[in-house]
Every structure is written in structure tokens, then in C-alpha cells.
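Input: a single structure, listed below in C-alpha cells.
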Amino acid sequence: MINLTIEEATFTVVDLETTGLNPKTSEIIEIAAIKVEGNVITERFHTLVKPSIGFIPEHITKLTGITNPLVIDKLKIEQVFPHFLEFTKNSIIIAHNAKFDISFLNEASFQLTGKLIQNPVICTLVLANRLFPDLKSKSLTNLAYHFNIPYHRKHRALADAEVTYELFKKFVDYLQNYKVNKVIDLIRLSNGKDLKLPSKRRRYV
């Protein structure tokens, strides 16, 4: 899988909304995933999730717009997660600040299956830091603004996943200039490993 070219690979762009920052004490309340095959979006997975505690903190509602009434009749994570695992099977996961999303996915996966997520992971936040260090902020909002990507529903999982995918395409296009076209190279960059890109990079707007 990781030795394929970017065009040959299957990616799943993932974003979550949660009740807090700690996967041990907080819960997933929204999952979105976009499957990309041959550089084409082929399928989307999106659902709100009812937290087991049955309560979304007020500051999370203010940030995301997700209220307790919105999730009251939704499935819980143990009912949703098997479908998510099937959707992401045999694909490379892409996420912005992937460390956060994977920590919650790993917690859910371990609790429900006894195993951690096995997918290779590419983090667009790390890629942004590696490729565009001069940008003051690498937040999804700032990057979307910098690259002229429309972004209308901030802090909602599907909209965030859509913007993350558009960023990923920009980064892949940028890296084509340096003959980077293998999944393994993207993973190495995302893991902080140096591909010895030229130090003087062209400006990308």
C-alpha cells in the first residue's frame, strides 16, 4: 500500500468533533471520512454520534454548533465504529493534526476491538510545517485562507475533511515539482523525516 504512487493509492480523509481534548475522558460526537481513489472522491461517510455520557459541554456547542438535541437519537460509537473501520479498510488515513484524531480513533478501536488503528497515516499539519515553515499559522482556517480554499462550516467534521482534502491536493501538487509521487515519501515527510527537498522552495499561493 505505502509503495504505491499517489494516483494508485486509496486515501481516506478523516475528521472528528469531540467533547474535549483528552481521548480518555472525552468522546467522539461527529465522524466524517472521504474516500479518494485514483485522485477522485468516490464515497463519503458522515454521522453524528451520541456520547455515552449523553452530554455535550456548552463550549463545544459554541465551537461546533452540535447540541445535545442533535445527537440524542443518534447511534453511539460502538454502533458506528464498525462501519467506520470497514469504510477506511485498506486505505491511508489523512487528517489535519492527525495525532489528535488518531488518539480518539485508537481509544475507540482499543475499547471495542482490543486493537489500535492499523492504517498508515499522513498528517497535513505536519506537511504544512515541513513545506511552508514561513506561514505563521498552520491552522486549517489559516491554510484554507492562504490557499484560497472555500471554508464555510468551520469545526464541523465533513467541512473540515473537505478542506483537508483540498489542502492535501495542494501539497501533492507542490511536491510534484520535486518528483515526490510515492505514498511512502508522503508518510516519511509526515513523520518528520527529511527527503532532502531543496532549501529554497518556490512560493506557492
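The values are calculated or read from the model by the stated rules, or taken from the named source; none is laboratory data. Please read all numbers here as calculations on a predicted model, not as lab measurements. Note that each Cβ is placed from the backbone with ideal geometry, even for glycine, and that neighbours are counted across all protein chains shown. Just so you know, the surface numbers come from the protein's heavy atoms only, side chains and all, with ligands and any DNA or RNA stripped out. Shrake-Rupley method; radii C 1.70, N 1.55, O 1.52, S 1.80 Å.
One line per residue, one yes/no per condition, for (1) part of a loop (DSSP other than H, G, I, E, B); (2) under 19 Å from Leu186 (Cα atoms):
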position: Val13; (1), (2): no, yes
position: Asn22; (1), (2): yes, no
position: Ile31; (1), (2): no, no
position: Val36; (1), (2): no, yes
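Please determine, by comparing only the residues of the range 108-119 that are part of a helix (DSSP H, G or I) and either surrounded by fewer than 19 Cβ atoms within 10 Å (Cβ to Cβ) or basic (Lys, Arg) (or both), which one is nearest to the chain's Cα centre (by Cα). By that ranking, first place goes to Ser109. Identify, please: which residue in the range 32-65 is touching a Phe, Trp or Tyr at 6+ places or on another chain (Cβ under 6 Å) and in contact (Cβ under 8 Å) with a residue 60 or more places away in the chain and is, among those, surrounded by the most Cβ atoms within 10 Å (Cβ to Cβ)? It comes out as Ala33. Of the residues in the range 12-20, at least one is open to solvent by less than 30 Å² (accessible area, probe 1.4 Å) and of a type in the set (Asp, Glu).
The set of residues from the range 59-118 being closer than 30 Å to Arg188 by Cα and among the charged types (D, E, K, R) comprises Glu86, Lys89, Lys99, Asp101, Glu107, Lys115.
Within the range 61-80, can one find any residue that is of a type in the set (S, T, N, Q), under 23 Å from Met1 (Cα atoms) and assigned to a helix (DSSP H, G or I)? Among the residues of the range 61-80, not one is of a type in the set (S, T, N, Q), under 23 Å from Met1 (Cα atoms) and assigned to a helix (DSSP H, G or I), which makes the answer no.
The residue list Asn90, Asn68 contains one member that is open to solvent by 40 Å² or more (accessible area, probe 1.4 Å), polar (S, T, N, Q), over 19 Å from the mean Cα position of the chain (by Cα) and over 15 Å from Ile31 (Cβ atoms), which is Asn68. For the range 120-171, a residue qualifies if it is touching a His at 6+ places or on another chain (Cβ under 8 Å), of a type in the set (D, E, K, R) and surrounded by fewer than 17 Cβ atoms within 10 Å (Cβ to Cβ), but none of them does. Selection within the range 164-189: residues that are under 13 Å from the mean Cα position of the chain (by Cα) and in contact (Cβ under 8 Å) with a residue 24 or more places away in the chain. The member of this set that is farthest from Phe11 (Cα to Cα) is Leu167.
Quick check on the range 178-200: of everything there that is in a loop (DSSP other than H, G, I, E, B) and open to solvent by 80 Å² or more (accessible area, probe 1.4 Å), which residue is modelled with the lowest pLDDT? If we take residues in the range 178-200 being in a loop (DSSP other than H, G, I, E, B) and open to solvent by 80 Å² or more (accessible area, probe 1.4 Å), then Lys200 is modelled with the lowest pLDDT.
Exactly one residue among Phe87, Phe55 is in contact with a helix residue (DSSP H, G or I) (Cβ under 9 Å, 6 or more places away or on another chain) and either modelled with pLDDT of 95 or more or outside any helix (DSSP H, G or I) (or both), and that residue is Phe55.
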